[in-house]
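Report on the following structure.
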């Protein structure tokens, strides 16, 4: 469920205090509880995994006092049940890929109650614009919460949003720290890269950049504008000091066709290495010097009443790997399906069909099917994670409970990934990657 972890706060015009004490007295509390059950079923004698995690947290934000607001929040979670997520399988050497992400990937054997402070910020509002300093939740095309486990990503730094021009938003910020999803601690921007599996270098060596990178931080700038009721455009730039620079642009539009709406979307992404890619030793660098990558994604869709259908295509050129730390968010390409990524690859072609139907009230069904053609698993220049070409099927049901259970939401997600490329009979190219079934049951309660 890609939703904010808490309801949107009241606007400053509806809740405004006349003293500091009143700002706290009229502040707003929000709470959330999340239970997540996940299972991975690999083929044959390959290992299977399961886990159930429970998390709970709260958030407080003061009312506006002379335009200033203070916010704070935290979250705790525990492993209620799982098999061994830390010890490699004796036959294949594999460990859990998905289930360990419910807890702390840096301490996969930890079962006790744990948690982290997530938000602590000071925000200033002026007219329609804001400036936020501290630890906060951010959502941009590439850096985003990627809220697919118990608790999402958070970022630390200064974030500005300027909305004084009609239908236009300017965003900019400088980030110095990240609380990565599936981890307990806050880390520096450089230290956050490599907390997830790092794959291999372009020459096939094991990538050793975790804890070795040097970067002063991450700068972001973006502009989004709406033209008319159906056309929007956005352009973003991400400057990861001494690591890489990435630019992203998107245009979406629609027009009435028959009883429904025809929708079109196009995305372009370009990136290149900055400095030495984080370290002078190539095995310890995140991005090889001179690396460049281009990506294109397109969508043709149609919406008719409760139905939404789309055909989608993504191309990443063979000039180099498309890289963006998985710790910072998921890629925004139209062919994205939950439980797999297109990051880490060059020479990729992907095509996906997506469909959804909204029942009344509160029930929604979604399905997606795609083919993802990747470079050969042994082509390490363009295949960072040894992932073979694959096909993927997703089916999901979500339900928002009414009446006395308002605030309770549930989701059932099934995923199947089947191999299309050569795996050379090696388990490392199969286990947790292809010929695998994934089951997810998620319950959220917001109050």
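Mind telling me which of the residues 63, 94, 81, 51 ends up being touching a strand residue (DSSP E or B) at 6+ places or on another chain (Cβ under 6 Å) and crowded, with 16+ Cβ neighbours inside 10 Å?
One residue alone meets the criteria, 51.
For segment 282-300, give me each residue that is surrounded by fewer than 19 Cβ atoms within 10 Å (Cβ to Cβ) and in contact (Cβ under 8 Å) with a residue 60 or more places away in the chain.
282, 283, 288 - these are the residues of segment 282-300 that are surrounded by fewer than 19 Cβ atoms within 10 Å (Cβ to Cβ) and in contact (Cβ under 8 Å) with a residue 60 or more places away in the chain.
Quick one: is residue 374 surrounded by 16 or more Cβ atoms within 10 Å (Cβ to Cβ), under 30 Å from residue 445 (Cα atoms) and touching a residue at least 24 places away in the same chain (Cβ under 8 Å)? Give the derivation first.
Values: surrounded by 16 or more Cβ atoms within 10 Å (Cβ to Cβ): yes; under 30 Å from residue 445 (Cα atoms): no; touching a residue at least 24 places away in the same chain (Cβ under 8 Å): yes.
No; evaluated as a whole, the condition is false for this residue.
Cβ-Cβ under 7 Å, sequence separation 6+ or interchain: first residue in segment 350-363 and outside any loop (DSSP other than H, G, I, E, B), partner loosely packed, with under 14 Cβ neighbours inside 10 Å. Which pairs?
357/306; 357/307; 358/306
Limited to segment 67-78, what total is found for residues that are buried (at least 19 other Cβ atoms within 10 Å of the Cβ) and touching a helix residue (DSSP H, G or I) at 6+ places or on another chain (Cβ under 9 Å)?
Within segment 67-78, residues that are buried (at least 19 other Cβ atoms within 10 Å of the Cβ) and touching a helix residue (DSSP H, G or I) at 6+ places or on another chain (Cβ under 9 Å) number 2.
Can we say residue 212 is more than 19 Å from the chain's Cα centre (by Cα), exposed (fewer than 15 other Cβ atoms within 10 Å of the Cβ) and more than 26 Å from residue 296 (Cβ to Cβ)?
No.
Just one of the numbered conditions (1) over 25 Å from residue 321 (Cα atoms); (2) touching a helix residue (DSSP H, G or I) at 6+ places or on another chain (Cβ under 9 Å) is not true of residue 181; which one?
Every condition holds for residue 181 apart from (1).
Restricting to segment 412-447, what's the tally of residues that are more than 17 Å from residue 385 (Cα to Cα) and not in a strand (DSSP E or B)?
1
Please enumerate the residues belonging to segment 106-136 that are in a loop (DSSP other than H, G, I, E, B), free of Cβ contacts under 8 Å to residues at least 60 places away in the same chain and either crowded, with 20+ Cβ neighbours inside 10 Å or within 21 Å of the chain's Cα centre (by Cα) (or both).
The answer is 108, and nothing else.
All but one of (1) out of contact with any helix residue (DSSP H, G or I) (no Cβ under 8 Å at 6 or more places or on another chain); (2) more than 22 Å from residue 248 (Cα to Cα); (3) part of a loop (DSSP other than H, G, I, E, B) hold for residue 146, so report the exception by its number.
The failed condition is (2).
When you go through 201, 273, 231, 252 one by one, which is the residue that is more than 30 Å from residue 432 (Cβ to Cβ) and buried (at least 16 other Cβ atoms within 10 Å of the Cβ)?
Going through 201, 273, 231, 252 in turn, the sole match is 252.
Could you list, in sequence order, the residues of segment 20-48 that are free of Cβ contacts under 8 Å to residues at least 60 places away in the same chain and either under 24 Å from residue 111 (Cβ atoms) or outside any loop (DSSP other than H, G, I, E, B) (or both)?
20, 21, 22, 23, 24, 25, 28, 29, 48
Out of segment 387-404, which residues are surrounded by fewer than 20 Cβ atoms within 10 Å (Cβ to Cβ) and either assigned to a loop (DSSP other than H, G, I, E, B) or more than 24 Å from the chain's Cα centre (by Cα) (or both)?
401, 402, 403, 404
Only one residue in 182, 139 is under 25 Å from residue 246 (Cα atoms) and surrounded by fewer than 20 Cβ atoms within 10 Å (Cβ to Cβ), so which one is that? Reasoning before the result, please.
Values: 182 fails: surrounded by fewer than 20 Cβ atoms within 10 Å (Cβ to Cβ).
Just one listed residue meets the conditions, 139.
Every number in this text was worked out from the coordinates using simple rules, so none of it is lab data. Keep in mind the model is a prediction, meaning the values are calculated, not measured. Cβ coordinates were reconstructed from backbone atoms using ideal geometry, including for glycine residues, and neighbour counts include every protein chain displayed.
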